[in-house]
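Working notes for the structure below.
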Amino acid sequence: MNRHVLITGATSGIGLECARIFAQHGDHVLLAGRREERLAAVKAELETAYGVQVQTLILDVRSREDVEAKVKPAIEAFGGVDVLVNNAGLAQGLDDFQDSSVDDAVTMIDTNVKGLIYVTKEVLPFMMAQNSGHIVNMGSTAGIYAYPKGAVYCATKAAVKTLSDGIRMDTIGTDIKVTTIQPGIVETDFSAVRFHGDEERAKSVYAGIEAIQPEDVADVVYYVTNQPRRLQISDVTIMANQQAAGFMVHKK
Ligand SMILES: NC(=O)c1ccc[n+]([C@@H]2O[C@H](COP(=O)([O-])OP(=O)(O)OC[C@H]3O[C@@H](n4cnc5c(N)ncnc54)[C@H](OP(=O)(O)O)[C@@H]3O)[C@@H](O)[C@H]2O)c1
């Protein structure tokens, strides 16, 4: 398709699979994340497999200075931006709010909400100037249904959905589209990150459930960005077959 696609959090999980599917279909990808060696590995993989332009950007979305210094020049060097996938995000901790860590809360808000705002503010001027573009924001079913011990994470994902809706309103006079993707339980490094590296506890989240795979979510992201100009998919909610709401899962 030859579009220019910026994906944050492209070093693992959903973001990595988004990088793969866009590149597979001939789009050029600008991949952002903090882990330099992973970015280099993905770049090598995609360039070899698909022959598209792959650029990497070492970026901590929590750092406003980092984002403001790096994103605009990276897009200029890349050749523009048609699609932004605001995917970088994380949960930290799973505790009753009264027992939860304020540091974890700050990390989630800085990454999932403030980071998304910083990146989008750098990208939107390019889209406004060309009067087109697509912003895909990674929400979560957690943003629809709060669940116990996840108050702050759920609040950040509710904020993602609300930010998407507001940006869609403010850019209504342009051909820019805004979509929120709201996945349920996806089997990625997400739980290992949430539990600060406790792999056993992370595995237990996915035990007894056929979880969504990150490539399933990437398929949906790719799909929403390939609709006719007249059509804008505002929200997509996808759950595992064994999931009925936020944390309501039927384990076998
Ligand atoms: N897995 C689920 O069940 C699930 C469900 C619904 C929504 N989501 C959302 O999907 C998104 C992707 O998560 P995932 O499941 O694919 O988890 P993952 O495999 O842990 O991937 C998270 C990605 O975010 C990046 N990231 C985290 N903090 C960052 C920062 N400060 N600056 C830049 N990049 C950062 C990570 O890259 P680096 O570490 O290299 O920076 C990594 O590439 C998140 O927004 C998450 O909230 C996940």
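The values are calculated or read from the model by the stated rules, or taken from the named source; none is laboratory data. None of the values given here were measured: they were computed from a predicted structure. Don't worry about glycine lacking a Cβ; one is built from the backbone with ideal geometry, like all the others, and counts go over all protein chains shown. Remember, those area values only see protein heavy atoms, side chains included, never the ligands or the DNA or RNA. Shrake-Rupley method; radii C 1.70, N 1.55, O 1.52, S 1.80 Å.
Here S191 clears all of (1) crowded, with 19+ Cβ neighbours inside 10 Å; (2) more than 22 Å from L124 (Cβ to Cβ); (3) touching a Gly at 6+ places or on another chain (Cβ under 9 Å) except the condition numbered (3). R194 falls short on exactly one of the conditions (1) under 25 Å from R34 (Cβ atoms); (2) out of contact with any Phe, Trp or Tyr (no Cβ under 9 Å at 6 or more places or on another chain), and that condition is (2).
Restricting the first member to the range 190-206 and to residues that are in contact (Cβ under 8 Å) with a residue 40 or more places away in the chain, and the second to residues that are assigned to a helix (DSSP H, G or I) and basic (K, R), the beta-carbon pairs closer than 6 Å and six or more apart or on different chains are F195/R201.
The C-beta contact set for the range 52-64 (first residue within 9 Å of A74 (Cβ to Cβ) and among the acidic types (D, E), second residue more than 11 Å from the ligand (Cβ to nearest atom) and part of a strand (DSSP E or B), distance under 7 angstrom, 6+ apart or interchain) is empty.
Residues in the range 199-252 that are in a loop (DSSP other than H, G, I, E, B) and hydroxyl-bearing (S, T, Y) were compared, and the one that is surrounded by the most Cβ atoms within 10 Å (Cβ to Cβ) is T225.
This table checks each residue for (1) open to solvent by 30 Å² or more (accessible area, probe 1.4 Å); (2) modelled with pLDDT of 95 or more; (3) touching a His at 6+ places or on another chain (Cβ under 7 Å); (4) outside any helix (DSSP H, G or I).
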site	(1), (2), (3), (4)
E65	yes, yes, no, no
A69	yes, yes, no, no
E76	yes, yes, no, no
V85	no, yes, no, yes
A91	no, yes, no, yes
Q98	yes, yes, no, no
A105	no, yes, no, no
Y118	yes, yes, no, no
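Look at the range 140-162: where a residue is open to solvent by 30 Å² or more (accessible area, probe 1.4 Å) and a partner is assigned to a loop (DSSP other than H, G, I, E, B) and of a type outside the set (G, A, S), sitting 6+ places away or on another chain with Cβ atoms under 7 Å, you get K149/L94; K149/D95; K149/D96. The C-beta contact set for the range 26-37 (first residue more than 14 Å from V54 (Cα to Cα) and modelled with pLDDT of 95 or more, second residue open to solvent by less than 20 Å² (accessible area, probe 1.4 Å) and within 9 Å of the ligand (Cβ to nearest atom), distance under 6 angstrom, 6+ apart or interchain) comprises R35/T11. What are the residues in the range 168-188 that are within 22 Å of T237 (Cβ to Cβ) and open to solvent by 30 Å² or more (accessible area, probe 1.4 Å), if any? Residues satisfying the conditions are R168, M169, E187, T188.
Scanning the range 24-63 for residues that are under 23 Å from Y223 (Cα atoms), open to solvent by 40 Å² or more (accessible area, probe 1.4 Å) and of a type in the set (G, A, S) yields A49, G51.
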